[in-house]
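Here the structure is laid out as structure tokens; the discussion comes afterwards.
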Amino acid sequence: MRPLAATAALAFGPVAAAAATVGLGVTWIAGATVALRYALALPLIEPLLASLAALGATIAYRFMIADKGKRLLRQSFALYLAPAVIEKMLSSNKPPVLGGEVRNVTVYFSDIADFSAIAEKLPPAELVTAMNEYLSAMTDMIEAHGGFVDKYFGDAIVAVFGAPLDDPHHATNAVRAALRCAASLGMLDRVNAAFGGAVRQRIGLNSGEALVGNIGSQRRFNYTVMGDVVNLASRLEGSNKLYGTTVIAAEATVALTGAVFVWRELDAIRVKGRRQAVRIFEPLGVAGEVAPEFLSRAQAYGTGLTRYRARDFAAAAEQFARVADEDPPSALFLERARQLAQQPPGPDWEPVSAQEEK
């Protein structure tokens, strides 16, 4: 029994090893009882005590020597790498090396609206305190939905869903995280107080193939994500400023979420550096949980967008005007529709908005 207890302590964690040793003890007692019926006396107490001693000694050995390096690695990188990345390094028993792989992921890109103006009014120490609280809260919610925070720069957060660990529902989890982050921002009382009022954020989501892995130099590198999917997510985050929205997702993300959420199409845009137009959408909420007034606005907006694309600008303006006072995207398209109604475009006009700014 003693070798088996030691082996269990080396192979499993302390709790599992203890459970395995108890199981071995029960098995040994049962075997000794059966043997006694056939006039064969087996030692009972000594093997049990020896197994417990072997278990304790092996666990102590692992704690003090064998697992010391793994604990040090976890402690050293816990503030810089996602837990999943650290565990992947440990399980491979190989040091991280340069290189990447193409993965299908959803990229989450966010920042704080009007952050530059806010930052100018705050003392540095107060700004750092507020930002740390904001970034901590957002990171907790992103990681709670399976996301990996790639980096922070300034007030911006770049996160990835679907790497380093596979997640077949990466798009759905990214949208859930975005909705949760947007909803919870108003509850960060100290952040809102420090910034002088209710803080708004902008979030862009995009899904597709991206290069993920250890990128950098031979001496220093980061586990990060690269590719056009990241660039478009960044552009969509910025598009919120134009439409007055909080979350915008590309059509690729919407297609992967099925019927989990209620969406409304906002527009078709062409961003700088891309020839193909991209249809963009706003998540109104989880299906079955969206308030009737938001559904009504979305219906009026959708009808107006259909008329707008059909070049029926007067009818489109009527639809947008119904909800323009309480719906920023409708107000934007109301102005566009009225201008085009007064000055009709040529035959080569297409209902695509060019967005040159990043």
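The values are calculated or read from the model by the stated rules, or taken from the named source; none is laboratory data. All values derive from a computational prediction rather than experimental measurement. Cβ sites come from the backbone with ideal geometry, for glycine too, and all protein chains shown count toward neighbours. Each accessible area value is taken on the protein alone, full model and side chains, heavy atoms only, with ligands, DNA and RNA left out. Shrake-Rupley method; radii C 1.70, N 1.55, O 1.52, S 1.80 Å.
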Next item on the list: May I ask you to say which residue of A287, A298, A337, A316 is closer than 18 Å to T245 by Cα and at pLDDT 95 or above?
Entry: A298
Check: Among the residues of segment 187-204, how many are touching a residue at least 12 places away in the same chain (Cβ under 8 Å) and either hydrophobic (A, V, I, L, M, F, W, C) or buried (at least 20 other Cβ atoms within 10 Å of the Cβ) (or both)?
Finding: 10
Check: Within segment 121-164, can you find the residues that are assigned to a helix (DSSP H, G or I), in contact (Cβ under 8 Å) with a residue 40 or more places away in the chain and open to solvent by less than 10 Å² (accessible area, probe 1.4 Å)?
Finding: A130, Y134, M138
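Please determine whether any residue of segment 178-193 is β-branched (V, I, T) and touching an Asp or Glu at 6+ places or on another chain (Cβ under 8 Å).
yes
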Margin query: For the structure I just gave you, tell me whether S184 is polar (S, T, N, Q) and either open to solvent by less than 20 Å² (accessible area, probe 1.4 Å) or within 21 Å of N214 (Cα to Cα) (or both).
Written below: yes
Next item on the list: Residues being without any contact (Cβ under 8 Å) to a residue 12 or more places away in the chain and within 20 Å of L305 (Cβ to Cβ): count how many of those fall in segment 256-291.
Entry: 1
Margin query: Condition (residue is in contact (Cβ under 8 Å) with a residue 40 or more places away in the chain, in a strand (DSSP E or B), open to solvent by 10 Å² or more (accessible area, probe 1.4 Å) and not charged (D, E, K, R)) applied to segment 167-174: is it met by at least one residue?
Written below: no
